[in-house]
Each structure stands twice: as C-alpha cells, then as structure tokens.
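What follows is a set of notes on a single structure, which appears directly below.
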Amino acid sequence: MLLDARDLHKSYDSRPAVAGVSLSAAPGEIVGLLGPNGAGKTTTVAMLCGLLTPDRGEVLIGGNAIEGDDSRVKCRIGLVPQDIALYEDRPALSNLRLFGALYGIGGALLDERCRDALALVGLSERARDKPQSFSGGMKRRLNIACALIHDPDLLLLDEPTVGVDPQSRNAIFDNLEALKRRGKALVYTTHYMEEAERLCDRIVIVDHGKVVAGGTLEQLYATLPAAQALQIDVDGAVDLQRLGREPGVGSARQDEGKLFIGVDDLARAGPLLSWLATEGHRVRSITSGRATLENVFLALTGRQMRD
Amino acid sequence: MSALTALLRNDLVLYFSNRRALIMSIAAPIAIAAFFGALFDSSSSKKPVRVPIAVVDEDHSDIAQRIVTGMKADAALEVQELPAAQAALLVRGGKLRAVLTLPAGFGEQAALALFRPRDKPVLAIEYDPSQAMALAVVRGLAMQYVMQAVGESLISGKLGEKFVGDARSGIERSANLNESTRRELLTLFDSVDRLQKQGSAANGAGSPTVAPRFDMPFTTREQEVTSGADRPYNSYAHAFAGMGVQFILFMGIDLGIGVLLARRLGLWKRLRAAPLSRATLLASRIVSGSVIALVLLAIIYAAAIAFFGVRIDGSVVGMVGIAIAFALLTSTFGLLIAALGKTPEATRGLAIFATLLLVMLGGAWVPSFVFPEWLQKLSLFVPTRWAVDGLDAMTWRGLGADAAIAPIGVLLGFSALFAALAVWRFDWNE
C-alpha cells in the first residue's frame, strides 16, 4: 500500500473530530472518503498530508512517516484543498511555477511539469491568463494541476468539485481517471454519493469521525437488507409496519407521498402493487433501480447523507 | 530557485503588481506629507499669520491710546477697535481669537500701581477656548505695550507731571524721612521734572529732538537650530517621516491580513503541505515585508528629496540603519497581526485603529511636545515615536550616526518582541 493510515484520532478542545479512522490506498486506485458535512473528512485529509499531527495513530506514505514540516515524504503527496487555493492575481503558469519551486523543482524539469499539468487539465491555452478570469470549473482544474506539479504518487482531493457545473465535473473526473491510469493513488473525499459511485474503487464511509463501513461498491451493497429499490407515488399514508412484513421487503419509508421500498428482487414489484391496491392506495407511478450509497448510509446510520 | 526565494519573489510581485496598494502606500503618504509640510512651513518667505483680536477702549486715556496704537502696529496682531458687545459676539463666532478690554481709569490706575501694587487695575481678556494657544501671544504683547505706555507717560505725559508733583509734596511733608534721604529723593524728582519739561518743550516746538521714552530693555535674535546655519528648517522632513511611518505600517497590516486571507482561501494549507519548515514560511513573510517596506520608504524619501527639498543632513548610514530597523518592525508587526487575528475583516479594523494610535502617539500627526507630560513619557514606549524621531534626527536635525543607535536598538527590540509573540501565538493547525 502506498498510503497506510491507522487508527487516526484528532480532537479539538476535547471534542473528537476523528475517532479511529483507518484508510489505505494502493497505486492506481481511487479510494473514496464519503460522509456528510462535519463527518471528519477534511480533518482526516489534513492528518494524511501532515498538516495536522494525529492525537493517536499513524500515517505512512510508502512505509515512511511524515516527520517534521520539511519532511521529504511530503514530496510524494499532492494536496488539492477544498477551497480554490490559487493566487488569482498571478497567471496560471506562475502559480504552477511557484508551487513547483516549493518542492525544489526548477529549470527545464519545472517547465516540462508545467506543460504536462496544464495539458492534463486542458488549460494549456490559458497558461498566461490569471485565474481571476477563469470559470469556476477552470479554477478547480488549475487547483488540481497545482497539486500535480511535483508529480506526487498520492493525490489527496478534498471535495474538489464543490460548486462546479456538470460539464466541468465530468472533465475533472476524466482528469482523475487519467491519473489513476498513470498509477497514482487517489483519496477522494466527497459527500456526493454519485461521485463516489462513479469514481471510486473502494469507499470508506465516515460519520461523526468514525468509519461506519468500507469496501468496494459491491461489498457495501451486500450489507444492505435490500439490493434493489422501488419508488412508488401513491395516494394516502401507507402502513409501513404491515408493508415491512411483506415477503422480500428489506426497508420501507414514505416521504411526501413517495414510497421508498428496498427489496431483494425487482420481481417483488408486482405483488407489492397488488398489496397496495388491496390496501386502498391508488398508484400513480413507479420507478425501480439498484440500491445506492444513500441507501447504504441510511441503513448504517439511520440518517440520510444530507440530513 | 529555492523555496524561500520563490515565496519572496511571489510576495514582491503580488504586492508591486497591485496598483491600488501601491497608490495607497506611495501616493497617499506623499500627498498628505506635502499637505502637513505646507501647513507647518515657517520659512521666512511665508507671510506670518496674524492673530485677529479686538480692543475695547473704555478708558480713552493717553495711556490707553498708546497701548492700542502699539498693538495695532504689531506684526503679530490684527487689531480692531470695537464696542464690547460686538467684539464678544465675534469671539464667540470664531472670527476673533480674543478681545481685550481696557476699563475706565485703567491708565491712571496702572501708572500708580507701579508704586502702589495693592490697587492694580484689571485688563480683561476674553478668548476663544478652541484657539487657546493665541492667548499666550495676546497676553504677552498686551503686557509689553501696557508697560511701554505706562513708562512713557510717567516720563513725558501730564500724568507724569501730576505724579511727580504729588510725590514731591508727599516727600516734603513726610516726617519719617531723615534729611539726607529727603534731599536725595527730591533731587531724583527734580531730574524727572526736568526731563518732563524738556519733553513737553520738544513736543510743543515740533522739534526733531526725541522726547524721553520707555522701551523694551532688550531685543531678541532668533535662530533655527537645524543641521547647519545655512539650512533652514524644512517642515516637510518631519511630515514625510510621520506619513511614511504611518502608511508603511498600513502596508504591514496588509501583509498580516494577507496571511489571514491565505488561510481562508486554503493557500496557507497548500504552502504548509509542501516540505517547508515553519521558519522558512515565517522568514519569507518577514523578508518580503521588510523589502517592501524598505522600497516604499526609499520611494517616499526620494519624492521628498526631489520635490520638497528634504535632505539627509545627518548620517546616511544611520538613516539606512533606521530604515532597515523600521522595515523589520513593519514586517513583524504584520506577522503579529496574522498571529492574533481571527477574521480578515475584524482584524483589519482593529489593526488600523491600533496603527493610528501608534502613529498619533509617535508624534507623526502632532508634535509630541504638545502632549501632556505623562503622555510624552508614555510615548517613549511606542516604537513609532523612535522611528519618527530617528528619521528626523538623520534628516533636518542633521545628527550623526550615534544618534541613530538608540532608535535602531528600540526598533529592533520591538521587532524581536513582535516576532516572538507572533511565533508564540501563531496557529499552525489547519
């Protein structure tokens, strides 16, 4: 494993922000750190890159701990902060050159790295423009490029798509997948489940500073009582207790008239529609699909991710 | 390029490419210093400002007339004779600084009071309290012209003849004097009597002979103590020192706020994620802040020298030393702001208030000698006082390098204190 973080703890004024998070990432792997706001994701990332010293636990990068602010181990890590951390009054190229110099890169190598990084994020044509003239998506991409300038093995991305339009988000995903293909290890924190589902090979779900589940998507779905989901628009309040006793129903809740039912097989849809009819509910529409990470989080914590 | 050089270069490029910051840091101090310099310019080519006052003559005696005439002729005063009510109204309205009232019988009572101090007449001075400094001028000049008029009238006026006659009679009648003393005093008054008669005769014949008169027993010779006899005081030198110090400290605030903004924007996080020691990060801030402060001070003084005749008449080495020490003070002050500040918005307001206080106590706006004594002593604990005094010493005062040692020492001491506090209080956690 390139990244091996074990049993990380961090408290602020005796209030635990992270309580026993363990995380690992191998080269060519994208690991998602998924959790609602305030779950401890940013604090975890800060400990992974040496910005914060854990109260307990350890972080190893390629088997080495980060010892001291000027530890060379940091050269193997690229951090993409949640905020757009750029000097907006300086051209894109100057930003890259500055951050490269901080890692001791200079001369022809720095020029080459700047070209590569700009090409990867599709900003070669805007190298001499200032970020203040960029769109939000372009700034986000330059934010990533600045973390790549020293060619790190591990990239830590703290919610890198906040406030980005779908088109730019897809462009960022393409960039990250390209990095994965180059053998980089990526840790991607997000509270967007669809992002984690699309990008991540493994996902670690955190809540209140603790890991509540971890594994591949399939492994996480396997923890659900129901792997498939039905969404039915019905009239009236459904007796959820009686519905829960129907065969194959793993979970059931009703929200603003819409009925969300977790089932083990989509073939249960017919008998359930019949049951609703006999109970006197008129069905207006029905959709079905595979369970999502939202269902996993709900099943694990009893809360929705965006509560 | 090393990390330190890269950070330093970045800070310098960022600062000097910010046109608004440059205008604030260079044009503003030059403009305000030019204004203050012109305001306090006391060079001989300037027409002196006359103090506007009114005199109310309720006495109409010869002595009162002489007082009014003397004051009207004085270059320091602009005198109007007005009725009491009108004069008081003009003082209240701020049009006049003071009104002097010579009450009825003032002249005679003043002359007699020279020898009988128990019956002194009262010269009333009503003045504008917002212009209290003018009171000392008016009181001093009134005293001069009253003494002059009373003295002259004793020698040459009718009042003098009456006074001498009365005195002779008193001496002749006195039973307490021995004969020898009586003769000496009568001889004295005979001499005074002869002088009075000569004066009256000269006045009556229109003779060019000058009648005996009283006058100030001395004149004064005033000389500015500057860097040399051929160097008149240049009020711009002090104004540029004060405004330079003020606006460069404002730049120090910007440096501190810059760190807070970098924190907010995540830039500080990115810098901290790089393999840089804390010392490198802080040193880059201190060095860049000091270089910017030095460049600004050099530009401000270049303008002062080129356009306002300011000269470094003292030690150039001392001037450079003070400039470097003040530049260090500025950058460590900025760092302290970054260490103690919470949000950029709240910190900026507080820091500007603190800076204005420092600058005011430092004597940059108003010379520190007008402060109460306790405040003058207190201002010795304010680094800006040493910066302004040091720059003054090396420019218009023309003092040597030894006069720069104390300011440099104090400024470096404060810099070390600010830096230590900043390092102690700096929040490194992200």
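Here are some notes:
- Selection count where residues are over 17 Å from A:Arg76 (Cβ atoms) and part of a helix (DSSP H, G or I), scope the range A:172-200: 15
- Selection count, the range B:246-284, where residues are more than 14 Å from chain A (Cβ to nearest Cβ) and among the aliphatic types (A, V, I, L, M): 6
- Wholly within the range A:14-128, helices (runs of 4 or more DSSP H) carrying at least 3 residues that are more than 14 Å from chain B (Cβ to nearest Cβ): A:107-120
- Hey, B:Ala298 among the aliphatic types (A, V, I, L, M), away from chain A (no Cβ under 14 Å) and either buried (at least 23 other Cβ atoms within 10 Å of the Cβ) or part of a helix (DSSP H, G or I) (or both) or not: yes
- Matching residues, the range A:213-238, being assigned to a loop (DSSP other than H, G, I, E, B), surrounded by fewer than 20 Cβ atoms within 10 Å (Cβ to Cβ), in contact (Cβ under 8 Å) with a residue 24 or more places away in the chain and out of contact with any helix residue (DSSP H, G or I) (no Cβ under 6 Å at 6 or more places or on another chain): A:Thr223, A:Pro225, A:Asp235, A:Gly236
- Candidate set: the range B:148-170, residues that are touching a Phe, Trp or Tyr at 6+ places or on another chain (Cβ under 7 Å) and either modelled with pLDDT of 75 or more or not small (Gly, Ala, Ser) (or both); chosen: the one farthest from B:Asp193 (Cα to Cα): B:Gln148
- Residue in the range A:87-96 that is of a type in the set (Ser, Thr, Tyr), touching a residue at least 12 places away in the same chain (Cβ under 8 Å) and out of contact with any Cys (no Cβ under 9 Å at 6 or more places or on another chain) present: yes
- Which numbered condition A:Arg76 misses (of (1) in contact (Cβ under 8 Å) with a residue 60 or more places away in the chain; (2) in contact with an Asp or Glu (Cβ under 7 Å, 6 or more places away or on another chain); (3) within 15 Å of A:Thr189 (Cβ to Cβ)): (3)
- The number of residues in the range A:239-268 that are more than 33 Å from the chain's Cα centre (by Cα) and not in a helix (DSSP H, G or I) comes to 4.
- Looking only at residues in the range B:371-400 that are part of a loop (DSSP other than H, G, I, E, B) and surrounded by 16 or more Cβ atoms within 10 Å (Cβ to Cβ), the one that is modelled with the lowest pLDDT is B:Phe371.
- Matching entry among B:Val287, B:Val291 (being more than 13 Å from every other protein chain (Cβ to nearest Cβ), in contact with a Leu (Cβ under 8 Å, 6 or more places away or on another chain) and under 21 Å from A:Tyr103 (Cα atoms)): B:Val287
- Unique residue being modelled with pLDDT of 80 or more and within 18 Å of the chain's Cα centre (by Cα) when the list is A:Leu300, A:Leu273: A:Leu300
- Residue match in the range B:237-245 (condition: buried (at least 17 other Cβ atoms within 10 Å of the Cβ), more than 14 Å from chain A (Cβ to nearest Cβ) and among the aromatic types (Phe, Trp, Tyr)): yes
Yes/no per residue for (1) buried (at least 20 other Cβ atoms within 10 Å of the Cβ); (2) touching a Pro at 6+ places or on another chain (Cβ under 6 Å):
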| position | (1), (2) |
| --- | --- |
| B:Val56 | yes, no |
| B:Ala75 | no, no |
| B:Glu78 | no, yes |
| B:Pro83 | no, no |
| B:Leu90 | no, no |
| B:Lys95 | no, no |
| B:Leu100 | yes, no |
| B:Ala104 | no, no |
| B:Ala110 | yes, yes |
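- Residue check for A:Gly63: under 25 Å from B:Asp11 (Cβ atoms), more than 22 Å from the chain's Cα centre (by Cα) and surrounded by fewer than 21 Cβ atoms within 10 Å (Cβ to Cβ): no
- Which numbered condition A:Val249 fails, given (1) farther than 12 Å from A:Leu300 by Cβ; (2) of a type in the set (A, V, I, L, M, F, W, C); (3) in contact (Cβ under 8 Å) with a residue 24 or more places away in the chain: (3)
The values are calculated or read from the model by the stated rules, or taken from the named source; none is laboratory data. Note that the structure is predicted; figures quoted are calculated from it, not measured. We place every Cβ from the backbone using ideal geometry, glycine too, and count neighbours over all the protein chains shown.
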